[in-house]
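These notes concern the structure reproduced below.
The values are calculated or read from the model by the stated rules, or taken from the named source; none is laboratory data. Every value quoted in this text rests on a predicted model; they were computed, and no experiment measured them. Positions of Cβ are backbone-derived with ideal geometry, glycine not excepted, and every protein chain shown enters the neighbour counts. Just the protein is used for accessible areas: all its heavy atoms, side chains included, with ligands, DNA and RNA removed. Shrake-Rupley method; radii C 1.70, N 1.55, O 1.52, S 1.80 Å.
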Amino acid sequence: MSRTTLDLWVGAFVAAGFGALLFLALKVGNLASFNTGQTYEVKAEFANIGGLKVRAPVKSAGVVVGRVANIGFDNQSYEAKVTLDLDSQYHFPRDTSAKILTSGLLGEQYIGLEAGGDPKMLKNGDQLRLTQSAVVLENLISQFLFNKAAEGKGNNK
């Protein structure tokens, strides 16, 4: 095996390794699934979005039906405004509810849609009225500790 052939194989192996690292980086950053299909925009307001990020998945029945397009803050209502880009092949009733959920115990956060029963469907620019904020683990722990401390004070009387 000549030196040039060996160098060629090493170069091909290194290039494949860089390609694999690039793929993994895109996958971790939620950028691996480039969707160029038609979408429609739906807005929702949440009191607390926790660690939700732009490009987070929007799921219904476990199926990814869209992505979070934008996250902002409303100075009037003091709530987070979230813009969702839903794939145009999926249609949801106007009374659909949105929840911020977590994959696993400490996994990524995503928005879960639960379809309602209204015969009229959401269209571009509509707003979801029924929303449920993220469950923040730190708030649950502090509430639990506060309740335990209050129980301890009640037993000392």
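Restricting attention to segment 95-108, and to residues there that are under 26 Å from GLU138 (Cα atoms) and open to solvent by less than 30 Å² (accessible area, probe 1.4 Å), which single residue is farthest from the chain's Cα centre (by Cα)? So, considering only residues that are under 26 Å from GLU138 (Cα atoms) and open to solvent by less than 30 Å² (accessible area, probe 1.4 Å), the one farthest from the chain's Cα centre (by Cα) is SER97.
What residue, of TYR78, TYR90, TYR40, is under 27 Å from GLU138 (Cα atoms) and aromatic (Phe, Trp, Tyr)?
On the way: TYR90 fails: under 27 Å from GLU138 (Cα atoms); TYR40 fails: under 27 Å from GLU138 (Cα atoms).
Going through TYR78, TYR90, TYR40 in turn, just one is under 27 Å from GLU138 (Cα atoms) and aromatic (Phe, Trp, Tyr): TYR78.
So that you can scan it fast, the table gives a plain yes or no per residue for (1) crowded, with 17+ Cβ neighbours inside 10 Å; (2) touching a residue at least 40 places away in the same chain (Cβ under 8 Å); (3) not polar (S, T, N, Q):
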position	(1), (2), (3)
PRO93	no, no, yes
LYS120	no, no, yes
ASN124	no, yes, no
GLN127	no, yes, no
VAL136	no, yes, yes
SER142	no, no, no
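The single condition among (1) in contact (Cβ under 8 Å) with a residue 40 or more places away in the chain; (2) touching a strand residue (DSSP E or B) at 6+ places or on another chain (Cβ under 7 Å) that GLN89 does not meet is (2).
Could you go through segment 40-59 and let me know if any residue there is under 20 Å from LYS120 (Cβ atoms), surrounded by 13 or more Cβ atoms within 10 Å (Cβ to Cβ), in contact (Cβ under 8 Å) with a residue 60 or more places away in the chain and out of contact with any Gly (no Cβ under 9 Å at 6 or more places or on another chain). Yes, there is a match, as at least one residue in segment 40-59 is under 20 Å from LYS120 (Cβ atoms), surrounded by 13 or more Cβ atoms within 10 Å (Cβ to Cβ), in contact (Cβ under 8 Å) with a residue 60 or more places away in the chain and out of contact with any Gly (no Cβ under 9 Å at 6 or more places or on another chain).
Could we say that GLY125 is at positive phi and either more than 13 Å from the chain's Cα centre (by Cα) or among the hydroxyl-bearing types (Ser, Thr, Tyr) (or both) here? Criteria met by GLY125. Within segment 97-118, the residues that satisfy the criterion of being in a loop (DSSP other than H, G, I, E, B) and at pLDDT below 90 are SER103, GLY104, LEU105, LEU106, GLY107, GLU108, GLY116, GLY117, ASP118.
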